[in-house]
Every structure is written in structure tokens, then in C-alpha cells.
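These notes are about the structure you will find just below.
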Amino acid sequence: MDRAIIVDRLVKNFEVTQKEPGFTGAVKSLFSPKKKHVHALKGISFTIQPGELVGFIGPNGAGKTTTLKTLSGLLYPTSGFVEVLEYDPWDRKPEFLKQIALVMGQKNQLWWDLPASETFELNRAIYEIPRREYEENLKEIVDLLEIGKLISTPVRKLSLGQRMRMELTAALLHKPKVLFFDEPTIGLDLIAQQKMRDFIYEYNKKFGATIILTSHNMDDLVNLCRRVIVIDEGRILFDGALDELTEKFAKEKIIKATLSNEGNIADLEKIGKVKKVSMPLVTLSVPRSATAVAASELLQNFPVEDLIIEEIPIEDIIRRVFRGELRGK
Amino acid sequence: MNKYLSIFKISFAQEFAYRLNFILWRARNVMNILVTFFLWSTVFSDPSRSLFGYDRAKILTYVFGVMILRALVLSARAVDVSREISNGDILNLLVRPINYFKYWFTRDIASKALNLGFAAVEFAILYLILRPAFYFQTNIGFLFGFSLMVFLAVFIFFCLLFIVNMIPFWAPNMGWGAQFLIIVVIVEFLSGAIFPIDILPGAVQNFLYATPFPYLVFVPIQVYLGKVSTAFIVKGVLISLFWSVALWIAMNNLWKKGLKAYEGVGK
């Protein structure tokens with residue numbers, strides 16, 4: 001198997017009932033419901049190799065979660081082809097489900113009133129994990145996540161960070177080959193986020209699991225994913241290495257120059273957009289194609305001691321992705 | 001099988017998670033039994049009085065029979081399914097290799113077992129204290145017919161409940177309303193859980209006997225009380241069987257359609 005996941009021209013349309021606010025709105029929608037068609041996915045295609053860790057990024061409502069749900073067999077595609085580990089996810093065959101896991105940051109599978117260990121035990125039975133293997137897996141994950149002392153505490157008494165680690169444990173006991181993370185670090189504090197990331201990284205490396213994650217957390221993407229798929233309004237805008245994202249979408253480059261005196265500093269505006277002046281350092285942003293010209297002008301007309309040309313930070317690009325600013329480019 | 005045994009165990013553990021809540025719930029149950037007992041004892045204070053063919057012993061047995069069948073047939077955990085569908089929690093179960101129906105049926109059975117276990121103990125204690133005039137069926141045939149019908153009733157009610165609970169697949173906000181109308185109002189009235197059906201006009205009764213409802217509570221109790229003929233029992237079992245199969249097929253078909261229609265947008 002050279003492809004863990006194949007998605008070809010996947011389309012998903014929803015029909016949503018519009019509801020006006022208030023009581024009259026509720027009554028109206030009862031008698032003449034207003035339907036709105038939502039085109040969540042407009043024919044997306046991509047493939048993912050076994051062992052890849054891919055980040056899905058895009059603004060809210062872009063279609064990220066819809067894609068993950070379709071891949072895990074929860075949504076029925078309107079049209080198009082989907083294959084995960086050579087199975088059609090929609091059949092939800094037990095052999096398929098035993099090899100995948102979907103972790104949603106805003107959903108829990110743990111039994112709220114009982115210690116997490118009860119849910120683990122239930123999952124052992126559901127996934128039919130042999131007792132010995134289960135004990136080993138549990139110990140391994142519990143050690144990695146440092147949650148040994150907490151597994152016999154009722155879930156409702158755990159903090160969000162602790163609970164998310166329990167959720168993760170419950171989802172991974174059966175050692176899934178394909179993992180879908182939907183906002184795994186949402187609502188977690190910085191330390192808990194870091195723990196979660198370290199774990200995802202380790203898990204991917206150690207078991208060669210194929211992982212897709214969606215996140216609005218910059219650090220998740222920058223630290224974990226080498227490949228990203230940018231999705232917006234149900235279409236894929238970019239699919240490639242994280243580093244190439246900048247080349248593709250950044251129309252500007254950054255020039256940082258150290259000046260020996262202030263001199264005619266106002267004239268800098270003629271060369272490019274002045275981002276920051278904190279003498280002796282000035283930062284300009286110039287169009288990508290005009291970088292060389294701008295740099296030489298700067299050298300000729302200003303008392304430049306030192307000059308660096310940089311790409312726009314990846315964070316800026318991703319931020320623009322989240323704001324939906326890359327549409328139509 | 002092991003899977004479902006584990007689900008049974010965890011459901012049981014869940015019921016005991018809040019001890020005080022559990023004790024209060026049982027206390028309410030005992031209060032219920034006492035109130036019902038004194039009410040009907042007073043109505044039938046003259047032992048020779050008989051209404052609609054019920055004397056004091058039989059009406060008390062009917063009322064207590066309803067209580068037991070309510071615990072056994074009409075109480076179910078699957079009432080939570082509609083909420084799971086509308087808030088999206090169902091997704092967590094759908095991505096795991098278990099059968100969703102069997103999952104909920106197991107949880108139902110766990111809940112019923114617990115219910116029945118405690119109800120039996122409370123009932124035994126109260127019986128020893130109050131010494132009511134109960135009708136004990138001793139005929140093996142009637143007892144067998146009764147058991148068989150209760151078994152089918154549990155299954156029919158499960159299917160009915162599940163079908164009603166699947167409405168949020170299409171109308172996410174309708175779950176509670178539909179449940180109230182169909183399960184609380186229609187089932188309660190037509191199953192005989194509120195009053196014996198044989199006090200209704202004959203034509204209405206005949207119509208009801210073709211529906212699944214009387215077979216949930218009323219008919220099993222009639223069989224227990226020995227108020228019916230063997231032919232009636234056989235016919236009743238056959239009709240129950242018919243509804244079991246029909247509702248099972250309907251439930252499966254609706255499930256397949258529902259999952260396809262399910263959108264869970266933003267969930």
C-alpha cells in the first residue's frame with residue numbers, strides 16, 4: 001500500500017434549515033422551513049502517504065472538519081471518491097474502524113462520572129485488544145503523557161488539559177494506523193499544548209502512523225507539520241511543504257537594514273513600505289519581484305552598514321490563511 | 001460478546017456514580033408504591049366490590065403489575081439517543097467498532113436489570129409489611145405466556161423508542177417534543193400503563209389490539225391475571241412477533257437513511 005489516504009474530487013453538500021430568532025421565527029420555520037444549501041466541499045483531491053503528518057489549515061467553515069468526518073466514515077460524500085487504508089470509510093467495517101481514530105478537541109468519549117480507567121477498559125473490549133498488548137500500550141501512553149496518577153480519578157474532577165490527555169489515551173489504546181485530530185490543543189494552556197504536541201510528534205515517529213490534524217494554533221502547525229493543505233470555501237488553495245507556503249502566498253519580502261545615521265530617512269517610503277523604524281534598524285517590506293532593485297537603491301542612497309533580505313514569517317502567512325485572505329489568489 | 005458485557009458493566013457502574021441520587025430515586029419508588037397501594041385499597045375498601053371485572057385483589061395486582069412492567073419494559077436508557085444525535089456525541093460511538101443498536105440495547109438491559117433488582121427487594125419488603133391481597137398466578141402456561149410477552153414487549157419498546165429517537169437525524173430540534181408526544185403520551189395511554197384498556201369501548205379495543213401498544217403492558221398483565229383464553233395468548237404472541245419484526249426492519253432502514261442524511265454541521 002503506497003497511499004494511506006486517497007481523496008478524489010470529493011464533494012459534500014449540506015442542506016441547512018434557516019431559523020429566524022425568537023418565538024415567531026420558530027413557528028414560521030416549523031410551517032415553512034427555509035432551506036439553505038451549503039457547499040462544504042467543492043471537489044477536493046489529495047493523497048497522503050503512510051506515515052505522513054499533514055496539517056489542514058483554513059478559516060472557520062472552510063471544510064476541514066467535514067473532510068475529517070468524511071475520511072472517518074461519519075459523513076456520506078455527495079460525490080467523489082474516498083479511500084482510507086484501502087477501505088471505503090462509509091462502510092465503517094470493524095476491521096477499518098479498528099485501525100483509525102478520530103480525536104475531536106471539543107468532544108469527549110470518556111464517561112464523565114467514572115474514572116478514565118473505566119473508559120480505557122471499555123475500549124479494550126470494544127477494540128478487542130489482547131490483554132497483554134493492552135497493558136503494554138496503556139503503560140507506554142500513560143508514561144509518555146505523564147498521567148499515571150490520574151487514571152483512577154473521576155473524569156469530571158480533571159482539568160481540561162488532564163482530560164484531553166485522557167481522551168488521547170482512550171483514542172490510541174488500539175494503536176491506530178491513521179489518526180485524525182480535530183483541534184487537539186483547543187482550550188489548553190501553553191504547557192499542556194506543548195505536551196500534546198510532543199506526544200503527537202513522538203507517536204508519529206515511533207509508530208509511523210499517518211496523521212492529519214486541523215488546528216488554529218500556529219505552534220501546532222509550525223512544530224508538527226512538514227506538509228500543509230490550505231483549504232478555504234471547500235477548495236484546496238495549496239498543498240505542499242510548509243516552507244513553500246511563503247513563496248506561494250507572500251507577495252512581499254522583508255528588507256532589514258542597519259543605518260549609520262538617520263539622514264534622509266523619510267525618503268525610505270519611496271523604496272518600500274516602512275514597517276518599523278528603531279534606529280539604527282529599519283524594516284521595509286517590498287514587492288517580491290522588486291526585491292533586488294529595492295536593495296540596490298537602498299545601498300546606493302542610504303548609509304547602509306548591514307542589510308538582510310528575509311521571507312515574511314510563516315506565522316504571518318498562516319494568520320492570513322485563517323482570516324481567509326488568500327482567496328482567489 | 002465480551003464487548004457488550006463490558007458495556008453492561010460500565011453502564012452499571014455509571015448508575016451508581018451518584019449514590020445520594022440513587023438512594024433518593026429508590027425512595028421515590030417506594031413512596032410511589034405506598035401511595036398507589038393506599039389509593040386503590042381505599043377505592044376498593046369493600047372486598048366484594050367489583051368494577052370492570054376487577055376486584056380488589058386483581059386491581060391491586062394490575063396496578064403493581066404496571067409498576068413492574070414500567071420498570072421492565074417502559075424504562076430505557078435509549079431516550080438519550082436523540083440528544084446524542086442532535087449534539088453530535090453519537091460521532092464518538094460511530095467511529096468505534098461497535099453496533100450502535102446493540103450498544104444501546106445493552107445499556108437498556110443494564111438499566112432494567114438494576115431497576116428490577118431493586119424494585120424486587122423493595123417490593124418484597126413492602127409485601128411482608130402490608131400483606132396486601134395479591135393475585136398469584138400458579139398456572140405454568142399463563143406464566144410462560146406472560147414471560148414470552150414481556151420479552152417481546154421489551155424488544156418492541158426498544159425499537160419504538162429508537163425510531164422516535166432517530167427523528168433528530170432530519171430535524172435536530174425535534175427530539176424532545178417527538179419523544180414526549182409519542183413515548184410519554186401515546187405509549188403511556190395506549191399500553192395500559194395508566195388505566196386498563198378493557199374499560200374502553202369494544203371498537204376502540206379491537207383497533208388497539210392491532211397496534212403494538214397494548215402488548216407492552218396491558219396484555220402481559222392480563223395473561224398473568226389469567227383473564228384471557230389460550231387462543232388470545234397465541235394470537236397476542238403472534239401479533240407481538242409481527243410487530244417485533246416490522247419495527248426491527250423499519251428501525252434498520254431508518255437508521256441507514258438517517259446516517260446518510262445526518263449532517264452534524266459544526267458539531
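The values are calculated or read from the model by the stated rules, or taken from the named source; none is laboratory data. Every value quoted in this text rests on a predicted model; they were computed, and no experiment measured them. Please note: Cβ atoms are built from the backbone with ideal geometry, for glycine as well, and neighbour counts cover all protein chains shown. Heavy atoms of the whole protein, side chains included, go into the accessibility calculation; ligands, DNA and RNA do not. Shrake-Rupley method; radii C 1.70, N 1.55, O 1.52, S 1.80 Å.
What to note about this one:
- Inter-part distance where segment A:21-93 and segment A:131-167 are each reduced to a Cα centre, Å: 31 Å
- Among the chymotrypsin sites (Phe, Trp or Tyr not before Pro) in segment A:89-196, those located in a DSSP loop and surrounded by at most 13 other Cβ atoms within 10 Å of their own Cβ are A:Trp112.
- Around B:Val154: net Lys/Arg minus Asp/Glu count, Cβ-Cβ under 9 Å: 0
- Under a Gaussian network description of chain B, with springs only between Cα atoms under 10 Å, the residue in B:Val204, B:Val164, B:Val223 that fluctuates furthest is B:Val204.
- Counting DSSP beta bridges with both ends in the protein assembly as shown, the antiparallel % (nearest 5): 70 percent
- Remark on B:Tyr135: its backbone amide H falls under 5 Å from those of B:Thr61, a criterion applied only to residues 5 or more positions apart or on other chains, H modelled at 1.01 Å from N.
- For chain B, size of Cβ-based charge dipole, Lys and Arg +1, Asp and Glu -1, in debye: 480 debye
- Pairwise centroid distance, computed over Cα atoms, of segment A:241-280 with segment A:208-228, Å: 30 Å
- Rounded to the nearest 20 debye, the dipole size of segment B:1-71 about its Cα centre is 260 debye, using +1 on the Cβ of Lys and Arg and -1 on the Cβ of Asp and Glu.
- Surrounding net charge for B:Ala57, when Lys and Arg each add one and Asp and Glu each subtract one, Cβ distance under 14 Å: +3
- Put B:Arg96, A:Arg132 in order of accessible area, highest first, and with a 1.4 Å probe you get A:Arg132, B:Arg96.
- Mean separation of Cα contacts under 8 Å (6+ apart) over length of segment B:2-261, as relative contact order %: 24 percent
- Cleavage-rule hits (GluC sites (Glu not before Pro)) in segment A:225-323: DSSP loop, at most 13 neighbouring Cβ within 10 angstrom: A:Glu262
- Mean shadow area of chain B, taken as a quarter of the surface of its Cα convex hull (nm²): 15.9 nm²
- Under 5 Å, built H, 5+ apart or other chain: amide partners of A:Phe181: A:Val103, A:Ile212, A:Leu213, A:Thr214
- Nearest 10 degrees, 0 to 90: helix B:19-43 Cα axis against chain B principal axis: 30 degrees
- Solvent-accessible area lost on pairing A with B (1.4 Å probe, both sides summed) amounts to about 3000 Å².
- Counting Lys and Arg as +1 and Asp and Glu as -1 over every other residue whose Cβ lies under 14 Å from the Cβ of B:Ser11, the net charge comes to 0.
- Mean-square fluctuations from a GNM of chain B, with a 10 angstrom spring cutoff on Cα atoms, peak among B:Trp170, B:Trp104, B:Trp248 at B:Trp170.
- Residue-by-residue Karplus 3J(HN,Hα) for segment B:65-77, coefficients 6.51, -1.76, 1.60, Hz, glycine and proline x: x, 4, 4, 5, 5, 4, 5, 8, 9, 8, 9, 7, 7
- Computed from phi, the 3J(HN,Hα) profile of segment A:201-207 under the Karplus parametrisation 6.51, -1.76, 1.60 (θ = phi - 60°) reads 4, 4, 4, 4, 6, 5, 10 Hz, with x in place of Gly and Pro.
- Largest mean-square fluctuation among B:Arg70, B:Arg83, B:Arg49, in a Gaussian network model of chain B whose springs join Cα atoms under 10 Å apart, belongs to B:Arg49.
- Using C-alpha pairs below 8 Å separated by at least 6 residues, the relative contact order for chain A is 19 percent.
- Counting only heavy atoms of the protein chains and using a 1.4 Å probe, A:Glu118 has close to 70 Å² of accessible surface.
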